[in-house]
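Please treat every number below as a calculation from the coordinates, not as lab data. None of the values given here were measured: they were computed from a predicted structure. Methodologically, a virtual Cβ is constructed for each residue, glycine included, from the backbone with ideal geometry; neighbour enumeration extends over all protein chains shown.
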Amino acid sequence: MSEKFHRVWEILSRLDRKETLTPKSLSEDLNVSERTIFRDFEVISSHFPVIFDREAKTYQFMEGYSLQKLKISKDELMTLFLSREIVSKLGAPLTEKLDKIINKITTQTKSEKSTESPPFWVDFPEVNFSKISKVYPQIEKAIKEEKSIWIKYVDLNQNVTERKIDPYSIIFSDGFCLAIGYCHLRKDIRKFALDFIEEICPLDEPFEKPKDFDLKKYFKSSFKIFEGEIQKIVLRFEKEVSSLVLRRKWHPSQKIKKQKNGDLIMEFELAGTEEIRPWIYNWIPYCEVIQPISLRNQIREELSLTQKLYK
């Protein structure tokens, strides 16, 4: 994501310098496809007054507009620093890129830099980038150039497969980094944990990401990022934790019914149960699985095994 921010800011800077810009020249300079440049300009045009001058054959700002006239407020700058605090959890390469963006913004817009520490703290699992430092840049490059890669993949059960994949996006979830894309071996869209990739080799084979592929839609029914058969999940929370449960919305599909005794009945429509099961354990002994029966039985068995450990 920060790679895109960096590219968009570079285009904006060139527009401000009144350089001659065409999709072809930008794709060559920035080492991306012309399709990517067109998508970048869709983003830019939604926020900045950019036109394509057919006579001059170049993109340009509308007459009288300039980034030099922008002034970033302290609050807006704080938002940038908050973004940096979040990105810092995703690894040094992304942090360094965002730092360059912040420096360019503060320098080119003549905004005041604050020497104070940002008044916030972001707490979520940090990616162990040392484990994926060799793999990540190659996947990021393949996504940018829309070219396939070959990987040797070793899963949790030590099963080894060699695959050709068309990487679409990179996902950060719970301190782990995954690539999602089309797997030519399985003939389907799959996810690959970067720390499970033992070997990687870029291929000089272009691919075209489906225009209708959208990560938000793809994971719409997932509790986080797992896919599976859509199931109705029904849980009962005792009144002792009801106020905690109600503090936030856990999933777009959730429905909550308050009971007369203070308990809560919560319903979800989710793709599988693998991700919600660990979440349920966070609420035990104040949470009961009502539906599906298979999940209820699975948790009963696991609790029984746990009880034996603590005898």
Summed side-chain charge close to GLY228 - residues other than GLY228 whose Cβ falls under 11 Å, Lys, Arg +1, Asp, Glu -1: -4
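Can you list the equivalent-ellipsoid semi-axes of segment 230-309, largest first and in whole Å, using the square root of 5 times each Cα gyration tensor eigenvalue? It would help to have the intermediate numbers written out before the result.
Working: eigenvalues 83, 52, 23 Å².
Semi-axes (√(5λ), whole Å): 20, 16, 11.
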Interchain or long-range residues, amide H under 5 Å from SER169's placed H: ILE180
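For segment 129-216, what does the convex hull of the Cα positions come to per residue, in cubic angstrom? Spell out each step's value before the answer.
Numbers: hull volume 8.7 nm³, N = 88.
Hull volume normalised by residue count: 99 Å³.
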Sequence of ASP212, ASP174, ASP195 once ranked by neighbouring C-beta atoms within 10 Å, starting from the fewest: ASP212, ASP174, ASP195
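Tally Lys and Arg at +1 and Asp and Glu at -1 over the other residues with C-beta under 12 Å from the C-beta of LYS18: what net charge comes out? Provide the component values of the computation, followed by the final result.
Details: positive: ARG14, ARG17; negative: ASP16, GLU19, ASP53, GLU63.
Net local charge, LYS18 excluded: -2.
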Normalised contact order of the chain, rounded percent, pairs of Cα under 8 Å and 6 or more residues apart: 11 percent
